[in-house]
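**Student:** Supplied in structure tokens, the structure appears directly below.
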Amino acid sequence: MVTIAVDAMGGDNAPRIEVEGALAASEAFGVKILLVGREEVVRPELDKHGRWKHLPIEIVHASEVITMEDSAAKAVRSKKDSSIRIASRLVRDGVADGLVSAGNTGAVMATAKMVQGIVHGVERPSLATTLPTSTGHPAVLLDVGANVDSTPRMLAQFAVMGEIYARNILHLANPRVGLLSIGEEEHKGNELTKAATPLLKLLPINFIGNVEGRDLYRGSVDVVVCDGFTGNVALKISEGVAELVMHSLRESLTSSLLGKVGAYLAKGGFRKFKRRVDYSEYGGAPLLGVKGVCIICHGSSNTNAMKNAIRVAAEFAREKLNAKIEDELHRSTASELAASAE
């Protein structure tokens, strides 16, 4: 049985959401859950659901909590008994196969890199996210914030990790990998994208060249690679647009009696639409390249998002993605990558 450590103190509505998500995931996916946090806070929330005693769920006490206001670097050093630190330690020691947290993103990333370590062959871990497309098949965007500055070689490694993730977790056959730029032509872009292109061509992946921002949602590319600064901006803009569309649609349909009748008649279709663009269906963002499994969720994650983040963490562990990443990077001949980068 796969075991996932859940940071029970991380989210905006912790530990309620973490407990509800853990219960739902354990029942649906047969996963053992270790809820890490202050036992005096977690247990009363868990006891509201009597069925937990019949499920493989345990509490692991952690006396400290890293908040959203804490400086990531300082908190990681000073709060050594935090729920994030203890959960990461459980993964490092082999007690858990992965961790899920909706806590301070910077602290989670720093802790995972420091405590769990980095997969051999990876220079910097990359934070990936899954996006809906017009074809109905999801696409992967990475890096979305783990590395503000990236090198061409790092982008090549992100491409390998993203391709493996898309193939094994999203079950996309021969994923098409694109490099995010300002035009499809090779000569367009900045120095980073121009230098990364030759490296990406050397990789044993289905690299299709440069793609533009609008291609993210068209379904014409399965994995989109960029530096963390660009990726994070793209992600936040996408989230804002999705919120605007949902708000405008709801407002338009409820502004008149005719609209309300139409909305009532078509509510099944609207539910499908909402589910299609709902981030909670895809769970959290995996931090690719760290040993073990680390899934980072929105601080405002709901029960469904937490449930699906645990599902993704379990699938990641079952598929042994880290071994595949290490093997693929080894096959990509570090000497060729280094020579091309120069």
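The values are calculated or read from the model by the stated rules, or taken from the named source; none is laboratory data. Remember, it's a predicted structure, so these values are computed and weren't measured experimentally. FYI the Cβ positions are ideal-geometry reconstructions off the backbone, even for glycines, and counts take in every protein chain you see.
**Student:** Can you run down the residue pairs with Cβ atoms below 7 Å, 6 or more apart or on separate chains, where the first is in the stretch 75-103 and closer than 22 Å to His298 by Cα and touching a residue at least 12 places away in the same chain (Cβ under 8 Å) and the partner is surrounded by fewer than 21 Cβ atoms within 10 Å (Cβ to Cβ) and among the hydroxyl-bearing types (Ser, Thr, Tyr)?
**Tutor:** Taking only residues 6 or more apart or on different chains, the pairs are Ala96/Thr3; Asp97/Thr3.
**Student:** Here is a further query. So Val177 clears everything in (1) touching a residue at least 60 places away in the same chain (Cβ under 8 Å); (2) not in a loop (DSSP other than H, G, I, E, B) except one condition, right? Which one?
**Tutor:** Failing condition for Val177: (1).
**Student:** Is one or more of the residues making up the stretch 181-203 in the same structural domain as Ala139 (by TED's automatic domain parsing) and in a strand (DSSP E or B)? It would help to see each step written out before you state the result.
**Tutor:** So in the stretch 181-203, the residues in the same structural domain as Ala139 (by TED's automatic domain parsing) come out as 181-203.
Still in the list and also in a strand (DSSP E or B): none.
No.
**Student:** Could you list, ordered by first residue, the pairs with Cβ atoms under 6 Å in which the first is in the stretch 63-74 and over 19 Å from Lys113 (Cα atoms) and the second is exposed (fewer than 13 other Cβ atoms within 10 Å of the Cβ), at least 6 apart or interchain?
**Tutor:** That search, which allows pairs on different chains as well, returns Ser63/Asp81; Glu64/Asp81.
**Student:** Moving on. Part of a helix (DSSP H, G or I), within 21 Å of Val160 (Cβ to Cβ) and at pLDDT below 90 - does that describe any residue in the stretch 219-229?
**Tutor:** No, the stretch 219-229 contains no residue that is part of a helix (DSSP H, G or I), within 21 Å of Val160 (Cβ to Cβ) and at pLDDT below 90.
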